[in-house]
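The values are calculated or read from the model by the stated rules, or taken from the named source; none is laboratory data. Keep in mind it's a predicted model, so treat the numbers as computed, not measured. Virtual Cβ from ideal backbone geometry, glycine too; neighbours counted across all protein chains shown. To get the accessible areas, we keep the full protein, side chains included, count just its heavy atoms, and leave off ligands, DNA and RNA. Shrake-Rupley method; radii C 1.70, N 1.55, O 1.52, S 1.80 Å.
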Amino acid sequence: NESGGRAKRIRRPSETNPAAERKESAPIDAGFAMCFKTIPLQKSAETTLVSPKNTRSLQVYEISDVATADDAKELLVLAEGLWTDSRAAGDADTSYRTSETASLRDDASRASAAVARVAKKAAEVFGLPASCCETLQLVRYSSPDAYFRPHLDCLDDAGQVLLGGQRVGTVLIYLADVAAGDGGETRFPALGLDVRPVALDAVAWANVRDDGVPDVRSRHEARPLASAGATKVAVNCWVRAFPGADRL
């Protein structure tokens, strides 16, 4: 439903200098990019294209039926007591990411029906089974000092790729509203695209190109909050190429 009847909450940034803000990642060996080609996103009536309508442009979709209000409430309850300072994989530079994360790996989370439902729906977005969805990770930004600089979700750790395959797709579900003007957008610099967090809406995109190599156009960032009273909470659903990724 690319025409969609819903009002868009997408805006192009008036000013941006991705080159100045971007932290360049080391090149990722194509041999480790495996293991699938880009998997077509499974569109439904609740799916809206929000990126430029250009076949050569990375496609970013907004989806409104991945998580319910009850699911969101349960995920937030499970995350209590699990919040820690965020660290990007292999990144010791704490200035690059200043949010908090909660990985739902404990026994209560493993037994949660909400976790199972959300993981299943996220994997289905890319036509894959629930076991391809990595352990859900909540992320929280609670002050204007919290952000995540431009980054890719693809893995460059060979061991991780061999275990569960590459992160072929991402579904990012917002669990709370951030009012217009309060910042906190998910920005795709290469697309000139900002997505404002709206509770229970999700944003989905492929992380690899048709040849399986990481797609640098999927680089994205969490913009800082503009208001001291705002909080942004979301859940990362990383969909991997191999079944069994749900135990990682």
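Here are the numbers for this structure:
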{"item": "Counted residues, segment 190-215 - those being touching a helix residue (DSSP H, G or I) at 6+ places or on another chain (Cβ under 7 Å), within 27 Å of VAL161 (Cα to Cα) and open to solvent by 20 Å² or more (accessible area, probe 1.4 Å)", "result": "2"}
{"item": "Count of residues meeting criterion [of a type in the set (Val, Ile, Thr) and under 10 Å from the mean Cα position of the chain (by Cα)] in segment 195-237", "result": "2"}
{"item": "Count of segment 156-179 residues which are modelled with pLDDT of 95 or more and either within 16 Å of the chain's Cα centre (by Cα) or open to solvent by 20 Å² or more (accessible area, probe 1.4 Å) (or both)", "result": "13"}
{"item": "Qualifying residue in segment 120-143 (condition: more than 18 Å from VAL216 (Cβ to Cβ) and without any contact (Cβ under 8 Å) to a residue 12 or more places away in the chain)", "result": "no"}
{"item": "The listed residue being under 22 Å from ALA79 (Cβ atoms), surrounded by 23 or more Cβ atoms within 10 Å (Cβ to Cβ) and among the small types (Gly, Ala, Ser), out of ALA146, ALA234", "result": "ALA234"}
{"item": "When residues of segment 103-142 are limited to those that are within 25 Å of GLY184 (Cα to Cα) and open to solvent by 40 Å² or more (accessible area, probe 1.4 Å), the one modelled with the lowest pLDDT", "result": "SER142"}
